[in-house]
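See structure below.
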Amino acid sequence: MKFGILLFVLLFAACGDEAPATIDAPVIIDSPPPIDALTCSLPTKLCGSSCLDVSGDEENCGDCGVECRGGEACDLTCACAPTTFIPATIGPGMFDQFQPAGGLTIAIGPTFGAGGINPVILGYAADVPLATDIDLSTIPIGDAPFVAALYRVDVGTMAADAAYVATAGTLRLTSACGSDVEGTLTDATFRGVNGGLMNPMIDPAGCTITVPTMTFHISTAPCP
């Protein structure tokens, strides 16, 4: 909107016997037009100085500055990942992966469904005990062994819409090496985390998913 500036110019001349000066009519001077604002097209919205897609941005979900909590994904509004995205059974697949990481083995078993690619991830050391019940509630967050799950991974950016870590449950491994891991997870509680899996931080106000039983086998080759 343009705002005009009303400028009154009063000219008085009282020199000698000259007649009094007349008052000129008001002069309207327009202010300079504002710089055109950045125009954003739906589903983007102007947040600060950038157009952001608020339909799927976990930090600007539905509107600028609306941040989803741990375990929530954005679909115009923030919502917990569906409880079914963590499957009850995971079998070997052609996309299974194993990666060494600082003395640990990271096994990745992608599953498909409930919104896209939803990997289940296990981390364990070489000396992890087999055929032994491991109470995950006694393992500090970030330490091994751990079980995590990612919801809706974008294969282009490798970013997930939500991340969960099992903070309770009984983990029992029957096989574990650099190319194969097999076992069960029972009575598990997965909680939404912030910071991703590199630096997971439980969100006290985040989402919680319970998994009564999960049987898993992630493999690229049998253990020696």
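All conditions in (1) touching a strand residue (DSSP E or B) at 6+ places or on another chain (Cβ under 9 Å); (2) free of Cβ contacts under 8 Å to residues at least 24 places away in the same chain hold for Glu182, with the sole exception of (2).
Identify the residue in region 37-53 that is among the aliphatic types (A, V, I, L, M) and modelled with pLDDT under 90 and, among all such residues, is surrounded by the most Cβ atoms within 10 Å (Cβ to Cβ).
So the residue we want is Leu38.
Of the residues making up region 167-197, just one is surrounded by 21 or more Cβ atoms within 10 Å (Cβ to Cβ), in contact with a helix residue (DSSP H, G or I) (Cβ under 7 Å, 6 or more places away or on another chain) and not small (Gly, Ala, Ser), namely Leu171. Among the candidates Val120, Val128, the residue that is β-branched (Val, Ile, Thr), open to solvent by less than 30 Å² (accessible area, probe 1.4 Å) and either within 25 Å of the chain's Cα centre (by Cα) or closer than 12 Å to Phe216 by Cβ (or both) is uniquely Val120. Restricting Pro32, Pro100, Pro20 to those that are more than 15 Å from the chain's Cα centre (by Cα), open to solvent by 90 Å² or more (accessible area, probe 1.4 Å) and modelled with pLDDT of 95 or more reduces the list to Pro100. Put simply, of Gly91, Gly48 the only residue that is touching a residue at least 40 places away in the same chain (Cβ under 8 Å), more than 18 Å from Ala148 (Cβ to Cβ) and not aromatic (Phe, Trp, Tyr) is Gly91.
The condition of being over 19 Å from Val155 (Cβ atoms), open to solvent by 70 Å² or more (accessible area, probe 1.4 Å) and more than 18 Å from the chain's Cα centre (by Cα) holds for only one of Thr84, Thr105, Thr77, that being Thr84. Scan region 130-158 for residues that are more than 19 Å from Met214 (Cα to Cα) and either of a type outside the set (Val, Ile, Thr) or out of contact with any Pro (no Cβ under 9 Å at 6 or more places or on another chain) (or both) and the total you get is 10.
If you go through region 39-74 and keep only what is basic (Lys, Arg) and within 13 Å of the chain's Cα centre (by Cα), you end up with just Arg69. Against the criterion of being farther than 26 Å from Cys78 by Cβ and open to solvent by 20 Å² or more (accessible area, probe 1.4 Å), Asp135 qualifies. Of all residues in region 69-81, those that are within 14 Å of Gly115 (Cβ to Cβ) have Cβ atoms under 9 Å from Cβ atoms of residues that are open to solvent by 40 Å² or more (accessible area, probe 1.4 Å) and of a type in the set (Lys, Arg), 6 or more apart or on another chain, in Gly71/Arg191; Ala73/Arg152; Cys80/Arg69; Ala81/Arg152.
Among the residues of region 94-134, those identified as farther than 15 Å from Pro145 by Cα and without any contact (Cβ under 8 Å) to a residue 12 or more places away in the chain are Met94, Phe112.
Note on region 63-101: residues that are within 30 Å of Ala126 (Cα to Cα), small (Gly, Ala, Ser) and not in a loop (DSSP other than H, G, I, E, B) total 1.
The values are calculated or read from the model by the stated rules, or taken from the named source; none is laboratory data. Note that the structure is a prediction, hence the values are computed from the model and not measured. FYI the Cβ positions are ideal-geometry reconstructions off the backbone, even for glycines, and counts take in every protein chain you see. For accessibility, only protein heavy atoms count, side chains too; no ligands or nucleic acids. Shrake-Rupley method; radii C 1.70, N 1.55, O 1.52, S 1.80 Å.
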